[in-house]
Amino acid sequence: MRFLILHMAETLSEHTRNILGLQLPTDPRWVNLAEIQLEEILTDHAYCEQKAATTCISLIQKNPEKDLLVEELSPIVTEEWGHFRMVLAELKKRNLKLGRQRKDVYVNKLLEFQRKGGSPTERFLDQMLIMALIEARSCERFKRLSEGLEDDYMKNFYRKFMESEAGHYTLFITLAEHYIEKKTVRQRWAEWLAYEKELMNSQEVRGDRIH
Ligand SMILES: [Fe+2]
Ligand SMILES: [Fe+2]
């Protein structure tokens, strides 16, 4: 797994235009905007980690019969909560405050694309793919920060997050393919990628949020 993550991180540097299948790279102005709003971006980042941990707990609660999912997601809860604490420590060190959680437009718009009234398998597939997509986009954003920020310490800080999220992206796809036929997963994943491209295109570029 470690090798896979390192390998992915290397691949990421080479293919900035096509990270993890994402169809639209982040607007280059975003890093510059984020850089001047560090308190907001760290606050938003902290809540992204909190939501990742909370969602993994909820996925375990809803799928206790799926042994592999329970086994694989349990440590991810700890890891995501560890990320939350790392961001919190960074805020404290800089004398910045954890602000309030904002309305998450990106995630809400993604949720709208989930199949309503599908079979339990279809709903499960969408749950795995929405997680994979959020991890992939987070990974891409962290990569932008790790490359585009001025401060070397912050570049390195975000590089570590980028590597973690690349591993999580892979895990959610792997879990989907463990429980559902690969071809079905790939077809739906292509639909999600196309939807996310449109969503990113329609969103205003704002430096106070990760997505
Ligand atoms: Fe994370
Ligand atoms: Fe993650």
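Which ³J(HN,Hα) values, rounded to whole Hz and listed in residue order, are derived for region 83-91 from phi using the Karplus coefficients 6.51, -1.76 and 1.60 in 6.51 cos²θ - 1.76 cosθ + 1.60 with θ = phi - 60°, glycine and proline given as x?
Calculated HN-Hα couplings, in order: 4, 4, 5, 5, 5, 4, 4, 5, 4 Hz.
Please give the FRET efficiency for THR78 paired with LEU111, using the beta carbon to beta carbon distance and R0 = 25 Å, rounded to the nearest 0.05. Write out the running numbers ahead of the final one.
Numbers: r = 25 Å, r/R0 = 1.01.
Step by step, r from the Cβ atoms, then E = 0.50.
Which residues in region 169-211 have a backbone N closer than 13 Å to a point placed 7 Å from the Cα of LYS51 along the Cα-to-Cβ line?
Output list for this probe position: 209-211.
How far, in nm, would the chain grow between TYR153 and GLU204 when pulled straight, counting 0.36 nm per residue and subtracting the alpha carbon separation?
On the way: separation 51, 0.36 × 51 = 18.36 nm, distance 2.82 nm.
Gain in length upon complete extension: 15.5 nm.
For helix 2-14, what angle does its Cα long axis make with the longest principal axis of the chain, in degrees from 0 to 90 and rounded to 10?
Taking Cα atoms only, the helix is inclined about 60 degrees.
Would you calculate the separation in nanometres between label points at ARG94 and GLN61, each defined as 7 Å from the Cα along the Cα-to-beta-carbon direction?
Those two pseudo-labels are separated by 3.2 nm.
Karplus couplings for region 67-72 from phi (6.51 cos²θ - 1.76 cosθ + 1.60, θ = phi - 60°), rounded to Hz, Gly and Pro as x?
4, 5, 4, 4, 5, 7
Which ³J(HN,Hα) values in Hz, rounded to whole numbers, follow from the phi angles of region 142-156 under the Karplus curve 6.51 cos²θ - 1.76 cosθ + 1.60, where θ = phi - 60° and Gly and Pro get x?
5, 5, 4, 5, 5, 9, x, 6, 6, 6, 4, 4, 5, 4, 5
For a Förster distance of 45 Å, can you work out the FRET efficiency between the beta-carbons of GLU71 and LEU33, rounded to the nearest 0.05? Don't skip to the answer; put the middle values down first.
Values: r = 40 Å, r/R0 = 0.88.
Efficiency, from the Cβ-Cβ distance: 0.70.
Using only alpha carbon pairs under 8 Å that are at least six residues apart, calculate the relative contact order of the chain and give it in whole percent. Walk me through the numbers before you get to the answer.
Values: 222 pairs, mean separation 71.1, N = 211.
Answer for the chain is 34 percent.
How would you rank 54-67, 92-105, highest first, on the average number of other Cβ atoms within 10 Å across their residues? Write out the running numbers ahead of the final one.
Values: 54-67: 14.8, 92-105: 11.6.
Ranking the peptides 54-67, 92-105 by packing returns 54-67, 92-105.
Throughout, read-outs are computed from the coordinates displayed, never taken from laboratory work. The model shown is predicted, which means the values in this text are computed figures rather than measured ones. Heads up, the Cβs are rebuilt from the backbone with ideal geometry, glycines too, and the neighbour counts pull from every protein chain shown.
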